[in-house]
Structure formats: structure tokens, C-alpha cells
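The values are calculated or read from the model by the stated rules, or taken from the named source; none is laboratory data. Owing to the predicted nature of the structure, the values given are computational and were not obtained by experimental measurement. We place every Cβ from the backbone using ideal geometry, glycine too, and count neighbours over all the protein chains shown. Just so you know, the surface numbers come from the protein's heavy atoms only, side chains and all, with ligands and any DNA or RNA stripped out. Shrake-Rupley method; radii C 1.70, N 1.55, O 1.52, S 1.80 Å.
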Amino acid sequence: MPELPEVETIRLGLEERLLGALIKTIDLRDQKLTRGQVDLLTIRKFVENNYLVKFGRCGKYLLLFLSNGKILFWHLGMTGKFKISEKYEEIPHLRAYMETDKGYLLYSDIRRFGKVGILDNTSELRKGIDPLGDDYLYERINKLFTSSKAVKIFLLDQEKISGIGNIYADEILWKARMLPNRPTNSLSPDEVKRLFDIVPEVLKEAVKYRGTTISDYRDINFNRGEYSEKLKVYKMEGKPCNECQGIIKKIKLGGRSSYYCPDCQK
DNA sequence: ACGTAGTCCTGACGGC
DNA sequence: TGCCGTCAGGACTACG
């Protein structure tokens with residue numbers, strides 16, 4: 001589930017609670033977590049007895065910077081969440097945990113799509129331009145609008161722009177008054193500029209409200225995200241549009257549900 | 001290069 | 001009540 005705003009909310013929470021903490025132990029009880037990555041013993045070797053010196057984020061990847069220079073990356077998949085607790089707790093679907101001198105970091109993940117690994121450098125991640133990062137620049141983004149693919153598919157492509165998922169793609173396109181299936185290369189310069197501006201606008205607003213909870217997402221204190229109250233189209237099929245009173249429709253695009261207003265999105 | 005479908009998982013929900 | 005199909009914040013692969 002977690003898209004950029006949820007991961008960023010988690011990052012801020014970790015920074016507040018665990019910055020400078022000493023990692024005593026790490027245990028990954030779900031083998032699947034490290035698929036395609038180094039094994040648990042190697043992760044232990046790199047992680048244990050190190051301090052957490054910085055918390056970062058690249059798109060939907062959460063990055064834990066260690067005092068030995070290594071970076072532990074954590075992707076939360078669809079249902080991954082962290083909880084910070086004073087003591088060890090058997091929370092449902094607990095897949096991993098870390099013991100630090102500032103408390104336990106517990107990781108639960110119902111569907112087990114999450115992924116963990118070690119990096120020497122963030123450039124090793126397959127990712128595109130982060131909409132809240134320094135290299136999110138009009139000139140760079142504009143160059144990507146060349147394919148005939150639907151603009152929503154483009155927004156979801158992590159190797160182009162990273163961090164947008166199914167909820168925010170729909171919300172961004174609604175705000176940009178743009179149909180999700182518009183071919184990317186059919187957008188006028190004005191439309192490209194509008195989209196370029198709206199992407200970080202929506203994501204920043206969602207960070208302000210601490211993300212969106214549909215069902216599973218929780219921040220590190222297990223609180224819900226309040227951007228759910230702000231959603232205009234996602235999961236709103238059959239409801240009137242906030243702007244024009246058109247009726248929100250649902251279609252499939254790239255195998256995923258897409259919600260939009262057929263009246264005000266062109 | 002593109003679109004579509006299937007895969008990995010678990011759980012919730014609706015219909016019969 | 002119980003069974004079954006569908007759907008879900010993500011991402012990867014394989015096919016035509």
C-alpha cells in the first residue's frame with residue numbers, strides 16, 4: 001500500500017524516535033523478505049552493532065543509513081508497516097524486528113510483498129526522479145513525456161517518476177483535469193506543466209495529513225493516515241465529483257482500477 | 001515498444 | 001453458516 005506520502009510519514013516518525021539508536025539485533029523471520037538480496041547472516045553482519053545515522057527515502061523505498069556506511073533499504077510492498085515499541089511484541093504478521101537501545105522496531109506485513117536488502121550506494125536502486133527531491137526539475141521531467149502509453153501508466157512507472165502509486169495517480173490526474181488513459185505524448189505543453197506542478201503538490205499535501213489509510217496502512221505509532229478524508233476520486237465510484245457533480249467512474253488500466261470524473265477530466 | 005495477463009501472498013467482503 | 005469469486009496501497013515476468 002504505502003506510496004510516497006506514507007513512506008515519508010514513516011521516515012519522519014523513525015527519525016523522531018530512532019535517530020542515533022544503536023542496533024543490537026535484527027531478525028528477519030520471513031525468508032521471502034530478502035529474495036534476490038543477500039541472506040540474513042550477511043544482513044546481520046552489516047547491520048548489528050551499528051548506529052542509525054540517517055533515515056532517507058527514494059520513491060517508495062525507505063533507507064536506513066548505518067554508521068558503517070552501509071544502507072539498509074526497506075520496501076513495504078502492499079501491506080508492510082512498522083511499529084515502534086518499548087518491548088518485543090507478537091503483533092499479527094510480524095515478519096521482522098530490530099532491537100535497538102531506543103526500543104524495538106517491529107515490521108509486520110500481511111501479504112509478504114515487502115523486501116529488504118543492503119546497499120553501498122543509493123544509485124544501486126532501480127528508480128526514477130523523486131517528486132520531492134532536488135532533481136525533480138521541469139526540464140528533466142518534460143523529456144520523459146514521449147511515449148504513447150497512458151499518462152496514468154507513466155505516473156506509475158517507478159523508473160520514470162518514483163513514489164506515485166494507484167491512489168495518488170488517480171488523485172493527481174483528477175486535480176490536473178486529465179483523463180487517465182490520455183496518451184502521454186498527446187499532452188500539450190500546458191498540460192505537461194500542469195501535471196509537473198500538481199504531482200508534488202498532491203504528494204506534499206498527503207504528507208501533511210500523514211498519508212492515506214484505506215485499511216492496512218498505519219504510521220509507526222499505528223495511527224491512521226488522514227488524507228483518506230481528502231480523497232476526491234479513489235474508491236469513489238458512483239459518487240458525485242467534488243468539482244462538477246459528474247459521476248465518478250471506474251475503469252481498468254494496466255490491470256488496476258482507475259477512478260476518474262468523465263465530465264471534468266479531458 | 002506496447003498492452004495484457006499471470007505471479008507472488010493473505011484477508012476482507014459480497015453474493016448465493 | 002459456508003463456500004466461492006473478486007478485490008486490494010506493488011512490482012516483476014512472460015507472452016503476443
With every protein chain in place, chain A: carbon and sulfur % of accessible area (1.4 Å): 47 percent
Range of Cα positions in chain A per principal axis (Å), largest first: 56, 36, 29
If unit charges are put on Cβ atoms (+1 for Lys and Arg, -1 for Asp and Glu) and the dipole of region A:201-266 is taken about its Cα centre, the option from A:S257, A:N223, A:I247 lying farthest towards the positive end turns out to be A:S257
In nm, give the distance between the simple-model label positions of A:N68 and A:R35, each being 7 Å from the Cα along the Cα-to-Cβ direction. 2.7 nm
In nm, spacing of pseudo-spin labels at A:R17 and A:S123 (7 Å Cα→C-beta vector): 3.5 nm
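Per residue, how large is the accessible surface of region A:155-265? Use a 1.4 angstrom probe and give square angstrom.
For region A:155-265, the per-residue accessible area is 45 Å².
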Sorted by mean Cβ packing within 10 Å, highest first, what order do the peptides A:224-235, A:55-66 take? A:55-66, A:224-235
Can you order the peptides A:161-168, A:175-182 by their average number of other Cβ atoms within 10 Å per residue, highest first? A:161-168, A:175-182
Spin-label pair A:E226/A:Y88, simplified geometry with 7 Å Cα→Cβ offset, distance in nm: 3.6 nm
Quick check: Cα centre of region A:200-237 to Cα centre of region A:94-172, how many Å? 16 Å
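So what is the relative contact order for chain A, in percent, with contacts set as C-alpha pairs under 8 Å and at least six apart?
Values: 548 pairs, mean separation 49.9, N = 266.
Computed value for chain A: 19 percent relative contact order.
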Cysteines of chain A without any disulfide-compatible partner (other Cys Cβ under 4.7 Å) are A:C58
Rh_Kirkwood(region A:31-99) over Cα pairs, Å, one decimal, evaluates to 13.4 Å
Put +1 on the Cβ of every Lys and Arg and -1 on every Asp and Glu Cβ in region A:120-160; which of A:S147, A:T122, A:L137 then has its Cα farthest towards the positive end of the dipole? A:S147
